[in-house]
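A short write-up of the structure that comes next.
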Amino acid sequence: MILFFLRNFNFILRKSIIKNTINKFIFIIKYKKSTNLKFNYFLFLKFFFISEVIKKKNKNLNLEKKNDYIFNEDWFSSNIPIWENTINKEFNKNSKLKYLEIGTFEGRSAIYICENFQNIKVICVDPFDEYESVESLAKKQDMKRIYDTFQSNVKDFKDRINHCKISSNEFFKKNNELFDIIYIDGSHYYIDVENDFKNSLNCLNDGGIIIFDDFLWNYYKKIEENPINGILPFLNKQKDLKIISASNQLILKKIK
């Protein structure tokens, strides 16, 4: 941690970094008070701060935008600095890896993976059904249009991307593969997040990582109905997982 401070001294006192770190920490405290769940919230404070520095320092990192990509919503680019930092630490870019994505939308994150890891095999799971129990913006989405956009965006990677147009529960019932990276970005209701977490853990390789999107998402009125409550209670019971990054996304590693 001291070495991190020394390397990033020009960033650590920036107001935006301090403000964003405090706001995230306040949410964690609020959740802890509401649920009485026991966990080390100061560990999150440390990771929140580190993540804010990494994002600020590498803010120019972005997904390569080719002329034939269509991204109507940008919900991924802000995560790229953290993905770059974390994935490159954990894996060799030339390794043959397997990547599973639960919830793919227009394919932005899957394309990022394909562009940056040439030997990776990608499975995207998304039924492209109408959304339920989520913010009004998502409810208004034309899922047929989004599915067509997804297909158009990933056409150059058809030899590497396999799309399963089914729910995550259906996928996991049929799946017999193990994965190195699993990205959970499907339903945000805590029960669904917990189910995806449990099912993903059963098919994660030793040394593999799980990335949870919208860890601090706070749409539902009751804080315990949000994604965080589908993650932390179950995480508390696991002895073979450790947190390696926390921000708007939470990243866990399965210890060998």
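Top to bottom by accessible area (1.4 Å), largest first, where do K256, K59 land? Provide the component values of the computation, followed by the final result.
Working: K256 190, K59 135 Å².
Ranked list, largest accessible area first: K256, K59.
Could you compute the FRET efficiency for N169 and N10, with r as their C-beta to C-beta distance and R0 at 45 Å, rounded to 0.05? Present the calculation step by step, with values, prior to reporting the outcome.
On the way: r = 47 Å, r/R0 = 1.04.
Once the sixth-power term is evaluated, E becomes 0.45.
Computed across segment 21-96, the Kirkwood hydrodynamic radius from all distinct Cα-Cα pairs reaches 15.0 Å.
Taking every protein chain into account, the 1.4 Å probe leaves R160 with about 40 Å² of accessible area, to the nearest ten. The three principal axes of the C-alpha atoms in segment 108-256 carry coordinate ranges of 40, 38, 29 Å, sorted with the longest axis first.
Of all lysines in the structure, those lying under 20 Å Cα to Cα from K237, and not within fewer than 8 positions of it along the same chain, are K32, K33, K38, K198, K253, K254, K256. When Y189, Y99, Y220 are compared by accessible area at a 1.4 angstrom probe, the order from most to least is Y189, Y220, Y99. Rolling a 1.4 Å probe across the protein heavy atoms gives the chain an accessible surface of 52 Å² per residue.
Near the amide H of G208, within less than 5 Å, lie the amide hydrogens of K254, all on another chain or at least 5 residues away, with H placed in the peptide plane.
Convex hull volume per residue, computed on the Cα atoms of the chain, equals 136 Å³. Among beta bridges from DSSP that stay inside the chain, the antiparallel ones total about 35%. Can you list the aspartates and glutamates whose alpha carbon sits under 14 Å from that of K93, skipping same-chain ones fewer than 8 residues off? Once the sequence-local aspartates and glutamates are set aside, what remains near K93 is E84, E115, D180. Using the Karplus relation 6.51 cos²θ - 1.76 cosθ + 1.60 with θ = phi - 60°, the per-residue 3J(HN,Hα) values for segment 121-128 come to 9, 10, 10, 9, 10, 6, x, 6 Hz, with x marking Gly and Pro.
Tell me, what % of the accessible area of segment 25-96 is carbon and sulfur with a 1.4 angstrom probe? Before the final figure, lay out the partial values.
Numbers: 2120 of 4350 Å².
Of all accessible area on segment 25-96, carbon and sulfur atoms account for 49 percent.
Evaluating 6.51 cos²θ - 1.76 cosθ + 1.60 at θ = phi - 60° for every residue in segment 171-186, the Karplus couplings come out as 4, 5, 5, 9, 5, 9, 9, 10, 10, 9, 10, 10, 10, 9, 9, x Hz, glycine and proline recorded as x. Residues I80, I166, ordered by accessible area of protein heavy atoms at a 1.4 angstrom probe radius and largest first, appear as I166, I80.
The values are calculated or read from the model by the stated rules, or taken from the named source; none is laboratory data. Everything numeric in this text was worked out from a predicted model, so none of it was measured. Every residue, glycine as well, gets a Cβ built from its backbone with ideal geometry; the counts of neighbours run over all protein chains shown. The area values use the complete protein model at the heavy-atom level, side chains included, leaving out ligands, DNA and RNA. Shrake-Rupley method; radii C 1.70, N 1.55, O 1.52, S 1.80 Å.
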